[in-house]
1. To check you understand DSSP bridge types, tell me what percent of the beta bridges within the range 133-314 (both residues inside) are antiparallel, rounded to 5.
2. State, to one decimal in nm, how far the label point of residue 556 lies from the label point of residue 132, with both points 7 Å from Cα in the Cβ direction.
3. Expressed in nm to one decimal, what extension gain is obtained for the pair residue 257 and residue 635 from 0.36 nm per residue of sequence separation less their Cα-Cα distance?
4. Which residues' amide hydrogens lie under 5 Å from the amide hydrogen of residue 34, considering only partners 5 or more residues apart or on another chain, with H built in the peptide plane?
5. Give me the percent of DSSP beta bridges within the chain that run antiparallel, rounded to the nearest 5.
6. Per the Kirkwood formula on distinct C-alpha pairs, the Rh of the range 1-100 is how many angstrom?
7. With a ≥ b ≥ c taken as the square roots of the eigenvalues of the C-alpha gyration tensor of the range 245-372, please select rounded if a/c is under 1.5 and otherwise prolate if a/b is larger than b/c or oblate if it is not?
8. With a/c under 1.5 counting as rounded, go ahead and sort the chain into rounded, prolate or oblate using the C-alpha gyration tensor (a ≥ b ≥ c being the square roots of the eigenvalues; past the cut-off, prolate if a/b is larger than b/c, else oblate).
Amino acid sequence: MNYLRIALPVPFYQLFDYANNGLTIEQLQPGIRIRVPFAHREIIGILIEAIHDTDFDKDKIKPIIEALDQTPVFTPHLFSLCQWASDYYHHPLGDVLSHALPTLLRQGKAATIKHNTPEIADRQPESPLSLNPEQQLAVTTITASLSSFKPYLLQGITGSGKTEVYLHCIDAVLKQGKQALILVPEIGLTPQTLARFSKRFNVPMVVLHSRLSPPERLSAWIQVKTGQGKIIIGTRSAILTPAQQLGIIIIDESHDMSFKQQSGFLYSARDLAVRRGQMLQIPVILGSATPSLESLYNAQLKRFTPLSLTQRAGGASTPTFHIIDIRDQPLNSGISKPMIAAIDKHLKNHKQVLLFLNRRGYAPVLICNHCGYAADCEHCDAKMTLHLTPRYLHCHHCDRKRKVTTTCPKCQEANLTPIGVGTEKLEEFLEQEFPEVDIIRVDRDTTHSKKHLDATLTKIQQGHSQILIGTQMLAKGHHFPNVTLVAIIDVDSGLLSPDFRATERMSQLLVQVAGRAGREKEPGEVYLQTRNPEHPSLTTLLKDGYMAFSEKQLQERQSANFPPFSHLALFRCEAPQVKTCMEFLAKAKTYLANDHNVQVLGPIPAPMGKRKGFHRAQLLLNAKHRTQLHTVIKTGLRNIIALKKPVKLRWSLDIDPLDMY
Ligand code: ADP
Ligand code: ZN
C-alpha cells in the first residue's frame, strides 16, 4: 500500500492522501490515528483506507509522520456511524471523527491510561420492584427481541416508572454480557441517574459529560471501549463513544432540545442513537412524558413501537392545575395575589414550593424613564439583562458584560429602571414576603460548578420547607419528594412566540415542571399565571392532556407543511455586513433552488439579525421528502464550497434544525 487516505480535522470536505512511510498492511487498520504534516504544522488525522494509487500530484504528496495507534481508536460500528453522520449532516468527516475523540486523543496522547480499574459499589444490590401491568408489558415487549433493531417510544407521564422499565431492560442486557448506554439531557441529572442505577447493579458504571477533565474523559472513554464499563450514562456526545458490546440504547427525556448540538457539528444525538441501534441490531428506547411531534409521528407511521405508562407508579396521584388569569391583576415582581396565597398555604403545610421562571438575572431590560433608552448589546440584536449580585449588565447571547451606570448614557438623567422579572428579582421579593423561609435559587448563575449544583440538589432532596426558584435546569427529571406546589410564573412568552416549535416546547416544559409536583404521597398542585387563559393550545393541554394537544399540533403542522410532515435544512450565514450575507446566500440559492420539490425561502435576515458582532441571514429549505432535500443539498454544496467566500464570512448548514434563530 503506497498511499494513505486520511480524514483531517480541518474545515474542508475532502479527504487527504499522504505517502506511506513503511507501515505494513497489518499496521494500516482503518480508524487508527496518523500524524501528518499539514500547512506548515503537524496535525492528527484518522486513517480511512490504504490505497495503491492516488489521483493527486505524486510529486506534491508528503509522507505521513507516524502512526499513533496499534489498534483503531474507532470500533468498526462507530466508524460507520460517523461516516453516515458526515454524509447525512453534510459535515466534513475529519471533523465528525475528531468530535468523537476525547481531547487527549485528539492531541496525540496514548489511548491507554494507568490504574484504570472502574469502581464497583461493594454491597448487595437492591432487588427490582415488582412491575405494574403496563410496565410489565413494556419490559416483556422490549426484552423479547434484544438482538434485533427495534425503536420504542416509551411514553409515560412523569413518575409513571419509566426508569424502572429501563432498569429491567438493562438487567436483561447485562445478563447477555453486553453494555447499556443511557443518554440524559442535562449534566445535572447524571449523579441522580448514577445513584439510582448503582443501587440496583453491582457493575462498573461510566459517566460521560462535558464537565469531565481531559484525563477523566479519556479514562471513561477507555472503560467504554474495552467493555469494562457496563452501564454508560452520559449527555449528548456519549452517543459517539466506541462501545465494545453495546446491547441497548436508552434516551431519557428524548424530546429534549439538548440532544441537538447547536454549534460546529450540528447532529441530533437522538437521531444518531436510532441509527446506531439499527446498525448494531439492538433495541433503542426513547422515553418521555412529552414525546416530540417527530417521535409521535414516527409511532403513527409504525416506525417506532409505542409503549405507554398511564398511571403514576407507587400510588402518587397526578397534580391538579389552576389557571390564574393575570389580566388586570396587580402583580408584585411578577407574582399575583392568588399565587402568593397558594405558596403560603403549601409552606404552612411544611412542604416545598417550586417557582419556575425561565429567565435568569434580575430584570431582562433596563430602561431610562426619561428618554426611553434601553440598555442593549452593541454586538447583538438584544437587550442586556440586569444582574444585581454582583451588579452588572450581561448579554446572554454573546456573554459580554458591562458596568451599570447610575445615569442614562444617552440623556444623563438618573432615571434608569429595571423592567420585567428574572429569577434574582423573584428571589428578592420572596425573601421579603417570606422572611422565615429558606429560599434556594437554581439557575446558571448560582451553579457554576457541578459540585455546587450537586450540593444544592442534595439539600433540596432532604426536603424541609423551602421555596425553590429555578429555570429549566430545575424542571427536568429531578425527583423532589417534598414539592407539592409548582408555580409557573409565565407561560405567555411560549404561547406568543413566532417560532413554529414554541408551543410544543412550552407544553413540554409545562408538563415537565408540573411533574415535579406531588411525586409521593401528597397530591400536588400546579398554579400558572397567564394573560391568555383561553388560548386553545393551553386549554387543550390542561383539559385533555399532552396527547390531545400534540394531535392538534400535528394537524397544524400538516396543514402548514412543516416537520414532521416535511424536512428542513437551514443554511446560515454570518458576516460583518448584512449585505455580504445576503449576496452570498443569493448566490448559494442559485445552486439549491433547482428542484421544484424543494422549496427555498430567503435569503432573509435571521430572526436575531445580529449576534456576537456578526450580521446573520439564512436560507430555509423545506421538502416533502428527505431524499429530495438531501440530493439538492449534496449537489448544491459542491458548487457552494467552490464559491469565492468573502473574508470573515462564515456559513453553516443545519439539517433538521430545531433552533431557527
Ligand atoms: P419516571 O422515570 O417515569 O419519572 P420512576 O421510574 O422514577 O418514574 O418512578 C417514580 C417513582 O415510582 C419512583 O419512586 C419509583 O421507585 C416508583 N416506582 C416505579 N415503579 C414502581 C413499581 N412498579 N412499584 C412501586 N413503585 C414504583
Ligand atoms: Zn451580545
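1. On the way: 1 of 28 bridges.
Bridges in the range 133-314 are about 5 percent antiparallel.
2. 3.1
3. On the way: separation 378, 0.36 × 378 = 136.08 nm, distance 2.95 nm.
That works out to 133.1 nm of additional length.
4. Here 45, 46, 47, 68 satisfy the definition.
5. Values: 54 of 106 bridges.
Antiparallel: roughly 50 percent of the beta bridges in the chain.
6. Values: mean 1/r = 0.0739 Å⁻¹.
Value: 13.5 Å, from the Cα pair sum.
7. On the way: a/c = 2.95, a/b = 1.66, b/c = 1.77.
Oblate, because a/c is 1.5 or more while a/b does not exceed b/c.
8. Values: a/c = 1.70, a/b = 1.26, b/c = 1.35.
Judged from the Cα gyration tensor, the chain comes out oblate (a/c at least 1.5, b/c at or above a/b).
Since every read-out is calculated from the coordinates, none of them should be taken as a lab result. The structure presented is a predicted model; accordingly, all values stated were derived computationally and were not measured. Positions of Cβ are backbone-derived with ideal geometry, glycine not excepted, and every protein chain shown enters the neighbour counts.
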